[in-house]
Amino acid sequence: MAPIESVANERERWARLGWHGIACDVPEDWCPGSLEGDYASGYLRVEDETSVRLELRWESAGRSVLPASALVDNFLKQTRKKLPRGAPEPAVDRGRAVKELAGLDHEAFTWRGGFNAHSVLLVEPDSRRVVHVRVFFGEADDAKGQARRIFGSLAVAPRGGMLEWAVFGLRFQMPERWRLEQSALQTGRLQFRFRSGSDELEVARQSLAEVTLRNATLDAWFQGLFAKSLRGFRTASRAAEYRGHPAMRCGGVLSLRARPLAVFRRRRIATGLAWHCPEADKVFAIRCDTETADDPLADRVADSIVCH
Amino acid sequence: MPRWAVWRRPKPLSREQSLASVPLRNQAVEAERTDDGSIRLVVPVRPKWWARWLSHLVYVPKTRRIVLDEIGSYVWGLCDGQRSVRDIIGALSARYKLHRKEAEVSVVAYLRQLAGRGLIGIAVLPGRDTPAPTRGS
């Protein structure tokens, strides 16, 4: 297979995008427009100011995993069927490879006709997921350099047992067995709740930190943000320092007075960490609810956050 | 234009057009700065017929006051008829270190709210695919 030529424009600024363990670089002015699905299957759309620029689809391959070339055959067949009657025959340039994805069963191809897109379809053997990335381009610019960089930076497998998450500038890593249960992508606040069995972990980022902390302490903000999750826990907070930033740590156990029936369950321990990064004007927070005391998980996730 | 006149409604703007449009403050609205630096808008109220009638009996204020928060005041200050929505988004994201998309969502929602209350007008610059003005609009 012939490699895709050309390199991305080095002057362009890039950002990382990662969702359910699939991550790649995208130009900084491209933003997620739609995020759907779960670890097994889902869809992510990235847009620039004018149009859709990238689509990412992933789905569980099931028991019998077809080779990438057969999956591309199916995709092209289905896409041709959707073309309007009388539309000119699309030009498809197939059988290309991405150097950085060597070792993975994949195929890169370009479709011109109806829409124009550079695509790569790959099969990830461990998670048995089929991942299809499409980078759309217009008539004037074929975006080959951008597609090359995006495909080259594609990561679909955990590294060191950690999955990469990156959206709207918030980057962190989670252990691979943890699954996203709920997410809130609001203006000024991003919040993700992960679950693994009965254990729970939340990651949050609050923008406009100076405005937020003008009328509330870091501890009060933390307790307010996680009020529902911390209900029933007898917690104690203390001021701390994290990466040279003002921070707070809290810990506590589930109160039997508040939840008498918890006596029949294993002891639940809550840990929390929040810090204010003035350079980024953001507050980051981690809340963890596990069965083990002194669980290093919260710190491990916090360490992976790129704060400024 | 009445709400039911669907055929006379102008076509919705594209994202590119709405980002290139220029918000302009309503000249009838007075802005005064409060002690904490935020802006208070004094909006003249045109009373309805029943309010005019009621004003003979009870006091009906002729103006309405709206106090903007810090960020709202900052965006209000940028609606000078020179800067486009895109410029305002850029300024807000730079000042408060917001992701561009975060700034865009909040600025667009806020401007829509201001325009809905008649506090600002939005000038749409004629572009390639600007909808043609309809008769009477």
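Here are some notes:
- Once the C-beta distance of B:TRP4 and A:GLN186 is scaled by a Förster radius of 60 Å, the resulting FRET efficiency is 0.95 to the nearest 0.05.
- Most fluctuating residue given options A:PRO84, A:PRO278, A:PRO67, as computed from a GNM of chain A linking Cα atoms under 10 Å: A:PRO84
- Per residue, the Cα convex hull of the protein assembly as shown amounts to 237 Å³.
- With 10 Å bins from 0: P(r) over segment A:14-152, alpha-carbon pairs, percent: 11, 43, 38, 8, 0
- Per the Debye calculation on chain B with a single equal scatterer at every Cα and no solvent contribution, log₁₀ I(q)/I(0) for q = 0.12, 0.17, 0.22 Å⁻¹ amounts to -0.62, -1.03, -1.31.
- Dipole moment magnitude, nearest 20 debye, segment B:8-49 about Cα centre, only Lys, Arg, Asp, Glu C-beta charged: 520 debye
- Quarter of Cα convex hull surface for segment A:177-304, i.e. mean projection, nm²: 8.0 nm²
- When only the Cβ of Lys, Arg, Asp and Glu is charged (+1, +1, -1, -1), the dipole of the protein assembly as shown relative to its Cα centre reaches about 1980 debye.
- With at most 10 neighbouring Cβ atoms within 10 Å, loop chymotrypsin sites (Phe, Trp or Tyr not before Pro) (DSSP) excluded, longest segment of chain B: B:60-137
- Residues with amide H under 5 Å from that of A:ASP105, placed H, sequence gap 5 or more: A:VAL123
- Förster radius 60 Å - calculated FRET efficiency between B:ALA28 and A:ASN74 (Cβ-Cβ, nearest 0.05): 0.45
- A helix-only calculation puts chain A at -4000 deg cm²/dmol for mean residue ellipticity at 222 nm, using -39500 (n - 2.57) for each DSSP H run of at least four residues, averaged over all residues.
- Helical runs (DSSP H, four residues minimum) scored at -39500 (n - 2.57) apiece and divided by the length of chain B put the mean residue ellipticity at 222 nm at -10500 deg cm²/dmol.
- Segment A:50-101 and segment A:140-192 have Cα centres spaced 22 Å apart.
- Axial C-alpha extent at least 20 Å, average Kyte-Doolittle at least -1.0 - helices from chain A (DSSP): A:68-82
None of the figures in this text is laboratory data; all of them are computed from the coordinates on show. Given the structure is predicted, the values throughout are model-derived calculations rather than measurements. Cβ coordinates were reconstructed from backbone atoms using ideal geometry, including for glycine residues, and neighbour counts include every protein chain displayed.
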